[in-house]
Amino acid sequence: MIIDAHAHLWANHYKDDKRTILKACETFGLSRVYISSLASHYPDYDEINYLNSLTLGFMKERPELISGYVYVDPTHNNKLDVLEKGLDAGMEGVKLWVAAKCDDYRIDDIAEKCIKYNVPILVHAFQKATGQLDNESTAENVRHLALRYPELKIIMAHMGGNVYFGIRCISDLDNVYTDFSGTMIGTGDIDYAFEAIGEDRLLFGTDMPSGGRQCIAQVEEARLTKDQKDKIYYKNALRVFGGRR
Amino acid sequence: MKTDYNCFVGTWPFAKRKQIDFDGLRSMHQKHGIETGLVSSLGAVFYNDPFEGDLELSVIIKSSGYRLAASINPMLPNTMYDIKRADESFEYDAFRIYPTVHGYDFDTPEFREFYQMASERGKPIIVHCSFGDYRLDYLFKQKSFEMASLDSFLKRELKTPVLLCNMKLSELEGMVDTLSNEENIFIDMSEIRHSMFVVEDLTKMGLIKKTVFGSFYPMFDFLAAFIHFNGVDNTLKNTILNRKICD
């Protein structure tokens, strides 16, 4: 079994993305894919509604394969209504992207709701050598949020971008999981993360439709036992999403 | 012979990499049915004198069936000195260059001069369009070049084959006409990460006939490129793996 904890529909080519995700499920035996829908960096209220409707639509089309994160912009006044509406409709987590850093005070009420509903927040986090966006979170921002809310389940996406920065920020934080989506394919990255945080907090995620096949390659090439690989492929995800499923 | 055109032996200065010695590389190749590699020295990329790395590697791979691609930094003075030493010291089948590491583009006079010398020897040139994930550089930063500079170089009459390694899908898309029209240009699959179905994408773009296998191992996971053959028709897979960039 493989559960992909991180995939997307992009609004400008969501139909193609659906085809890619379904084809990947068939080709690689993915048994469940957690998606969120994205478009502009600073969406307005209507865009957020539209994007969440795309996610819900795909969930309804293929309930046996597709689960969703509700995408929330922390700067919006109606963020908690959006969050509750999404969770009521069957979404299983919250997605934060680049509208605000994840340790911004405007995240606090979102975090408290997620604790209440026992759902994880998937935080985009990427430490870039070049092209860092103004409000793009890094692993350090994730660390601040996790320390503020030790009961909150956080999935730090992309191992924080650079595994060597990212993993050191979450090494002692049991409430932070991480996925290795995002097309970083350095030899030994998974081994490095595994040595620092063990196998219980690593999640399989692809970032489809932007690549993802190499994530399977990374797990297969890592120096891990079958049981450790199973935890990464699906057992940890079952635990993270257990609050709703 | 099934060949990996993009593989290295030596020390990656910025992180521990597994199986970076020649036995590790060969063992990874054997595990996946790759019979040989056009291999280069990682030391040669970063040493002040690339020749030192090439010489080390030439001893290591002697009689192994692997072939050497000599690393050249055209920005060093008197590039002919490096080429002559290579000619006199070991057998090599190609030149390998790293513009993003050594900081030049294809309009640079030093590069043009080097290209002329390489052409006179009839050796292919392997161009690394990037060398590792530029987003993650922090101890050393690659200097990217304008794709227009590469495009314009490739549009000139090529006298010797050019293999473009570590090109992204979007970069290939931007140069598809140039890549398709010139017989002497080849590409590898090592950096096409932003696609789930790379072989299909290259086929649609008409570039599959230009594609050879390159892994960029041990900097990238070997399987990250090789996994794209999963589910691909065996004939096509073998064609790509056996394709030669020159006789």
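In table form, for the structure just shown:
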{"quantity": "Partner chain coverage, peptide A:206-213 - average Cβ within 10 angstrom", "calculated": "4"}
{"quantity": "A:Asp88-B:Met80 pseudo-label distance in nm [points 7 Å out on the Cα-to-Cβ vector]", "calculated": "8.1"}
{"quantity": "For A:216-224, mean number of other protein chain Cβ atoms within 10 Å", "calculated": "4"}
{"quantity": "Sequence of A:Asp81, A:Asp16 when ordered by accessible area, the most exposed leading, probe 1.4 angstrom", "calculated": "A:Asp81, A:Asp16"}
{"quantity": "Per residue accessible area in Å² of segment A:3-240, where ligands, DNA and RNA are left out and the probe is 1.4 Å", "calculated": "36"}
{"quantity": "C-alpha center-to-center spacing [segment A:61-98, segment B:191-247] in angstrom", "calculated": "37"}
{"quantity": "Solvent-accessible area of B:Met80 with every protein chain in place, 1.4 Å probe, in Å² to the nearest 10", "calculated": "50"}
{"quantity": "Proximal aspartates and glutamates relative to B:Lys237, as straight alpha-carbon distance under 15 Å, when same-chain residues fewer than 8 apart are discounted", "calculated": "B:Asp4, B:Glu35, B:Asp188, B:Glu200, B:Asp201"}
{"quantity": "Local electrostatic count, B:Ser149, Cβ distance below 14 Å [Lys/Arg +1, Asp/Glu -1]", "calculated": "-2"}
{"quantity": "Residue-normalised accessible area of chain B, expressed per residue, 1.4 Å probe, Å²", "calculated": "41"}
{"quantity": "Chain B, helix-only ellipticity at 222 nm - DSSP H runs n ≥ 4, -39,500 (n - 2.57), divided by all residues, nearest 500", "calculated": "-10500 deg cm²/dmol"}
{"quantity": "Förster radius 22 Å - calculated FRET efficiency between A:Asp200 and A:Lys116, Cβ distance, rounded to 0.05", "calculated": "0.35"}
{"quantity": "A:Lys229 - accessible surface, heavy atoms, 1.4 Å probe, Å² rounded to 10", "calculated": "30"}
{"quantity": "Area accessible to solvent at A:His41, 1.4 Å probe radius, in Å²", "calculated": "70"}
{"quantity": "Percentage relative contact order, chain A, counting C-alpha pairs under 8 Å, at least six apart", "calculated": "19"}
{"quantity": "Residues in segment A:8-52 that, when all protein chains are in place, have 50 Å² or more less accessible area than the chain alone would give (probe 1.4 Å)", "calculated": "A:Lys23"}
{"quantity": "For segment B:116-132, Karplus couplings with θ = phi - 60° (6.51, -1.76, 1.60), whole Hz, Gly/Pro x", "calculated": "4, 5, 5, 4, 4, 8, x, 8, x, 10, 9, 9, 8, 6, 8, 9, x"}
{"quantity": "Residue mean of other protein chain beta carbons inside 10 Å, B:127-135", "calculated": "3"}
{"quantity": "Rounded Å value of the spacing that divides the Cα centres of segment A:111-189 and segment B:3-60", "calculated": "34"}
{"quantity": "Cleavage-rule hits, GluC sites (Glu not before Pro), segment A:55-105, DSSP coil, Cβ neighbours within 10 Å at most 12", "calculated": "A:Glu64"}
{"quantity": "Karplus-derived 3J(HN,Hα), 6.51/-1.76/1.60, for each residue of segment A:10-21, Hz, glycine and proline x", "calculated": "9, 4, 7, 8, 5, 5, 4, 4, 4, 4, 4, 5"}
{"quantity": "Paramagnetic label zone (point 7 Å from Cα along Cα-to-C-beta, B:Gln30; backbone N under 16 Å) in segment B:42-68", "calculated": "B:61-66"}
{"quantity": "Relative packing of A:171-181, B:224-234, which averages over residues the other C-beta atoms within 10 Å, highest first", "calculated": "A:171-181, B:224-234"}
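The values are calculated or read from the model by the stated rules, or taken from the named source; none is laboratory data. A quick note: this is a predicted structure, and the numbers were derived from the prediction, not measured. Cβ: placed from backbone, ideal geometry, glycine included. Neighbour counts: every protein chain shown. Ligands, DNA and RNA are excluded from the accessible area calculation, which covers all protein heavy atoms including side chains. Shrake-Rupley method; radii C 1.70, N 1.55, O 1.52, S 1.80 Å.
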